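The values are calculated or read from the model by the stated rules, or taken from the named source; none is laboratory data. Small disclaimer: the values here were computed from a predicted structure and weren't measured. Cβ placement follows ideal geometry from the backbone for every residue including glycine, while neighbour counts extend to all protein chains displayed. SASA here: full protein model, heavy atoms, side chains in, ligands and nucleic acids out. Shrake-Rupley method; radii C 1.70, N 1.55, O 1.52, S 1.80 Å.
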Amino acid sequence: MSPLDALTQSLGPTACLRAEADIAPYAVDWRGVYHGQPIAVLRPADTAQVSAALRLCAQLDLCVVPAGGRTSLAGAVVPIAQGPASVVLSLERMNRLREVDPLDNSITAEAGCTIEAVQNAATEAHRFFPLHFGAQGSAMVGGALSTNAGGIRTLRYGNARDLVLGLEVVLPDGRVLDDLRRVRKDNTGYALRHLFIGAEGTLGVITAASLKLFPQLAKRETALVAVRSPREALQLLARCQESGAELVAFELIRKICIDITLRHGTNIRQPMELSTDWYCLIEAASTHAAIPVREALESALMEAIEAGEAEDVVICESEAQRQNLWNIRETFPTCSRMEGPGLSTDTSVPVSRIPDFLERSQALIDGNWPEGRMIALGHMGDGNIHLSLQAPSGMGHAEWQARAPEFEGLIGEIAVELGGSFSAEHGIGQSKRAAMAKLKSPVALDLMRAIKATLDPEGRMNPGKVLPPA
């Protein structure tokens, strides 16, 4: 019996896609950069089937590439080109919400649930699930945890890792680690769940998670503030944090990003006269309607104008205005691709070093690629700035990539030199393995390889991802 026949017999024809047309969407990443052909796509319906699939793949000498919503930006969810025989194991059918407990402030969701579905279930229970990013309608719980997703609310609630109480994980040999406890305190040795969060499927397959919920936000206030430079933005952030305005998000956006979104976006209105090169998108919120969020935010922003930290302010007067501001921020990635090719990065630095990071990055671009444009926007409140190098008009992606192949690596080096990271929230996947080899501590790499060798001694789980060759 062939390996494909064995998989089909074990899991059933609906859980084992074999036709080329059915497999094709799983053979390319979301950006269209990475391609890798699996021999089949497995779509288990429950944890028992995931366990059976991994046991059978071990017997058949097949590698396994776990996948969720496949919105990964680092090439983690497709097999490596010319790599070992692999199957994609998609968690998309495992989309049940197992339990919502408002008293525990917890929700237990299977790996194939979208982040948006978890948010909606929390709202129905009069609770709030804070993980929020542009792809939340298609990104799934398993993938978000496997990449330790961040987003706009990390400033207040932390990354995906900080929202996890427990996990259910199928190990490479098919054993199931049931660690779905919902308690806040569990001091019984190693916190094993943290091994799998951010591991990008290289150590096992997350099949379910118990996640933290919070009280609903009773009121929120949103503002767009024009500032002259990131240094003024940093001062404004500190002022807002000290004001009692209860910040949820503080985004830094360069004017060119707004221009691109207004040019290519749909039904997006210009929110103010764009008189400066930098803007801060600020949201403050409270779980209690009586807390004077607007008053605190208004006071901080007026003080900032008087101190010369801000040039102009727009505070939203309606939900439509608020949605318009967030649409500018969240549709930018799509609009930027319509504008033309760009070379993107995903870095973080200590919040206090953001101005230095941007100044050094601009100097690097001016000295090496003056024909390019520096795109910068991101989560200033947690130090994660997404910086990219936009190609000049008329230049194709391949030509621009060949013109500046070292751009991402050099930006990563600047971030690390300033005490930051070359990968903030998108993961390593295939795209940042060279950076891992160059910029990650050798001791850290040794420890990671030891953990990998212990849990996946045959190297079957998502080969060619995260860890560089020894």
Unit charges at the beta carbon, dipole of the chain: most positive-side option, Pro102, Cys57, Leu171: Cys57
Antiparallel %, DSSP beta bridges [both residues in the chain], to 5: 85 percent
In the chain, lysine pairs closer than 29 Å at Cα, eight or more apart or cross-chain: 14
Percentage relative contact order, the range 168-273, counting C-alpha pairs under 8 Å, at least six apart: 20 percent
Whole-Å semi-axes of the ellipsoid equivalent to the range 1-131 (Cα gyration tensor, √5λ, descending): 30, 18, 11
Thr202 accessible area, 1.4 Å probe, all protein chains in place, Å² to nearest 10: 10 Å²
Residue-normalised accessible area of the range 57-177, expressed per residue, 1.4 Å probe, Å²: 34 Å²
Label corresponding to Kirkwood radius over Cα pairs in Å when calculated from the structure given, among [x] 27.6; [y] 24.1; [z] 23.3: [z]
Beta bridges per DSSP with both ends in the range 48-180, % antiparallel, nearest 5: 60 percent
Accessible surface, per residue, of the range 265-404 when the full set of protein chains is kept, probe 1.4 Å, Å²: 43 Å²
Accessible-area value, Glu317, 1.4 Å probe, nucleic acids and ligands omitted, Å²: 140 Å²
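With +1 assigned to the C-beta of every Lys and Arg and -1 to the C-beta of every Asp and Glu, and no other charges, what is the dipole magnitude of the chain about the Cα centre in debye, to the nearest 20?
980 debye
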Derived scalar couplings ³J(HN,Hα) [the range 251-262; Karplus, 6.51 cos²θ - 1.76 cosθ + 1.60; whole Hz; x for Gly, Pro]: 9, 9, 9, 7, 3, 4, 5, 5, 4, 5, 5, 5
Dipole of the range 166-268, positive direction: furthest Cα of Ile197, Thr261, Val225, with charges on the beta-carbon: Val225
Nearest-10 value in Å² for the accessible area of Thr345, using the 1.4 Å probe: 10 Å²
Average Cα contact separation per residue, the chain, under 8 Å, 6 or more apart, as relative contact order %: 15 percent
Calculated from backbone phi, Karplus (6.51, -1.76, 1.60) coupling profile of the range 463-469 in Hz, x at Gly/Pro: x, x, 10, 6, 7, x, x
Debye equation applied to the C-alpha atoms of the range 74-188, log10 I(q)/I(0) at 0.10, 0.13, 0.14 Å⁻¹: -0.33, -0.56, -0.64
The range 261-308 - Rg over Rh from alpha carbon coordinates, Kirkwood radius: 1.08
Dipole-positive endmost among Ala284, His35, Ala249 within the chain (Cβ charges, Cα centre): His35
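Just the Kirkwood number for the range 293-407, please: inverse of mean 1/r across all distinct Cα pairs, in Å, one decimal.
Values: mean 1/r = 0.0604 Å⁻¹.
Computed over Cα pairs of the range 293-407, the Kirkwood hydrodynamic radius comes out at 16.6 Å.
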Within the accessible area of the chain (1.4 Å probe), percent carbon and sulfur: 51 percent
Between 0 and 90°, nearest 10: helix 115-124 axis offset from the chain longest Cα axis: 70 degrees
Relative compactness, the range 121-236, computed as alpha-carbon Rg over 2.2 N^0.38 Å: 1.28
Cα centroid separation - the range 254-317 against the range 60-136, whole Å: 33 Å
Percent of Cα-Cα distances greater than 18 Å, calculated over the range 141-197: 37 percent
Under Karplus coefficients 6.51, -1.76 and 1.60, residue-wise ³J(HN,Hα) of the range 198-215 in Hz, glycine/proline x: x, 8, 6, x, 8, 10, x, 10, 6, 10, 6, 8, 9, 10, 7, 10, 9, x
√(5λ) per eigenvalue of the Cα gyration tensor, the range 208-271, largest first, Å: 26, 21, 12
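Using the reciprocal of the averaged 1/r over all distinct C-alpha pairs, how large is the Kirkwood radius of the range 340-470 in Å?
15.9 Å
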